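Right, one structure below, let's go through it.
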Amino acid sequence: MKKTVFVLLLAALMLFVSCGKSESKSSSTGTTTATTTVAEKKKVEINVGINTGWDTLSPFRSNIGNNLPVISTITYESLGYLDGSNTLVPWIAKEWKTEDNGVTYDITLWDYITDSKGNKITSEDIVWVVETAVAKALKPNYKYVESIEALDDYTVRVKFNNTLVGVFETFMTDTLVCSKAAYEDAGDDFVSSCVTTSVYEVTKFVSGSSMEYTLRDDYWQDYSLLPEQLRATVDKCTVHIIPEAAQLGIALETGVVDFVVNFAASTAVQFDGDSDYTLQRADARNGMQIYFSGAEGKAVAEDKYLRQAICYAINNQLLINAALEGYGTEMHDSAATYAMGYQKEWLDEEYYPYDVEKAKECLAKSNYKGEELVLLGSSTTKTVAEIIQNCCAAVGINIKLDLRQVALVTAIRLDGTQYDMFINQVGGITLANHWNTRYDCRAYKTGDATSRHDYVLADMIAEASTVEGFTPENINAVHEYIKEEAYGYGMYQLNNLAVWSNKVGITKLVNDNINMVVPTACSYN
């Protein structure tokens, strides 16, 4: 980390702690403007290493790589942000309201938003961004947008065709804001450069290699109106994209990077316990699960006791130790703990703990006759699949592995006739999203995501997935039903690992809503 002391004239930065922006409001227009303050601060530059990056700077992105650490919060700003408590808070949007239980929202913008080129952001820009995103159809959540219109210069009305819990929150965080004029003036769809409202400008971009961010001196917002995860404390941040975990480790050891965010466990483990580094672990949004086929004719489809026997037979801690170097957490539902609606009480429940005797008891109640069961997985889950195979063999269940390339697995994953069991890694911003993706038999032509047709569960999910019906009572009912039927079994929740050199001198650590360090928001000495 490079640190040089100097006196910096901050124009339009906000009064926060010892430096920032004060504001004055015009009584005639209500517009907030920044006044200039002078403050002395250290210039802070950091280098962050990650294993994957954006190949283009376009705001119209798929969900692949859209939530990458660091990049996702400082390249663009979105309408809303999920803060450290997983609560949706204002960002580009100032406030919002609904009077019809989530069908329609009126979203009001701050009336003084400008990008790094001075373009003002108005309702028309938001309408253009959303309509373009809907047309490109790269993010599944936009299929729920029925219409959007500008009510005035700073208010838009969005109507949704579905009141599924999480639709609005995902819409607010998925919508990356930019000026229509700036986008069209660029002439290249922001492929290699972009103009955004972010507190940082992208001053250098090499696709698949590096991204350089420099702090703006004319940022539009008052820091006190932002959650601390979005308050910039760093003057320059360079993100190095290094796909190979071992090379990321070398980059950290040699000082090329100060932080590694989302570190592979196989390499991160070497820094654990080293006094020169800090390793932080936090449960990720994704879990590693097994889903059982619901297709007619499959042995596991109509045999609850066989499914339960398999769940009891799996040694999750062994999986965590072997596949993740111990950096994982046993699950208590097929959904991960950070899904909105997850009940903390579930963590104290018994959820198919590793128990050979119970596995054998359930197997004895089943109709299993020793037939071969096919376990589908990808080439990346080979270790997990082999351990499951051995665990099942120990209680008398015969498993055949079918390990394919990820693309081939993706092509058949919704066809339950292709397997008996399927290893998958599924997240979901809300429980409702997770349920509808995996267990709603009306979701796909083949039934649910494993070709099952359980309309009782589908009706329960439909009731519990609306804004009004997303109650603890309904949520627990769905949880208990899926748990009892063992349609899906959560094995372990992955840990997000971050490692940084203690030379960076963090004096205050700031984490995001899944407890991952936010390097651009920490305080440094």
Degrees separating the helix 356-365 axis from the principal Cα axis of the chain, which is the longest one: 60 degrees
Chymotrypsin sites (Phe, Trp or Tyr not before Pro) within the stretch 401-466: DSSP coil, no more than 16 neighbouring Cβ in 10 Å: none
Nonlocal amide H pairs with GLY326, under 5 Å, H built at 1.01 Å: ASN321
Greater than 24 Å apart at Cα, pairs in LYS304/LYS360; LYS360/LYS483; LYS94/LYS204; LYS298/LYS344: LYS94/LYS204; LYS298/LYS344
Accessible area of the chain belonging to carbon and sulfur atoms, whole % at 1.4 Å probe: 47 percent
Karplus 3J(HN,Hα) series, Hz, for the stretch 61-66 with 6.51 cos²θ - 1.76 cosθ + 1.60 (x for Gly, Pro): 10, 6, 6, 5, x, 6
GLY49 long-range amide H proximity, modeled H, under 5 Å: HIS240, ASP258, PHE259, VAL260, VAL261
Sequence-separation-based contact order of the chain, relative, with Cα cut under 8 Å and 6+ spacing, percent: 18 percent
Cut-off under 5 Å, modelled amide H: who pairs with SER378 long-range: ARG404
Backbone N within the stretch 281-308 under 19 Å of label point (7 Å from ASP272 Cα along the Cβ vector): 281-288
Estimated [θ] at 222 nm from DSSP helical runs (n ≥ 4, -39500 (n - 2.57)) normalised by residues in the chain, nearest 500: -7000 deg cm²/dmol
Whole-Hz couplings from phi, Karplus 6.51/-1.76/1.60, listed for the stretch 79-85; x for Gly and Pro: 5, x, 9, 8, 7, x, 9
Shape call, the stretch 415-479: gyration tensor on alpha carbons, a/c limit 1.5: prolate
ASP106-SER62 pseudo-label distance in nm [points 7 Å out on the Cα-to-Cβ vector]: 3.9 nm
Whole-number accessible area per residue in Å² for the stretch 306-397, which is evaluated in the context of all protein chains at 1.4 Å: 44 Å²
Nitroxide proxy distance, nm - points 7 Å out along Cα→Cβ at GLU253 and THR87: 4.4 nm
The stretch 192-206 - phi-based ³J(HN,Hα) in whole Hz, Karplus 6.51/-1.76/1.60, Gly and Pro as x: 10, 8, 8, 10, 10, 8, 4, 5, 10, 9, 7, 9, 7, 9, 10
With DNA, RNA and ligands ignored, accessible area of ASP125 (1.4 Å probe; Å², nearest 10): 20 Å²
Three-way shape label, the stretch 284-436, alpha-carbon gyration tensor, a/c 1.5: rounded
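The values are calculated or read from the model by the stated rules, or taken from the named source; none is laboratory data. Fair warning: this is a prediction, and the values are worked out from it, not measured in the lab. Please note: Cβ atoms are built from the backbone with ideal geometry, for glycine as well, and neighbour counts cover all protein chains shown. Keep in mind that these areas ignore ligands, DNA and RNA; they rest on the heavy atoms of the full protein, side chains included. Shrake-Rupley method; radii C 1.70, N 1.55, O 1.52, S 1.80 Å.
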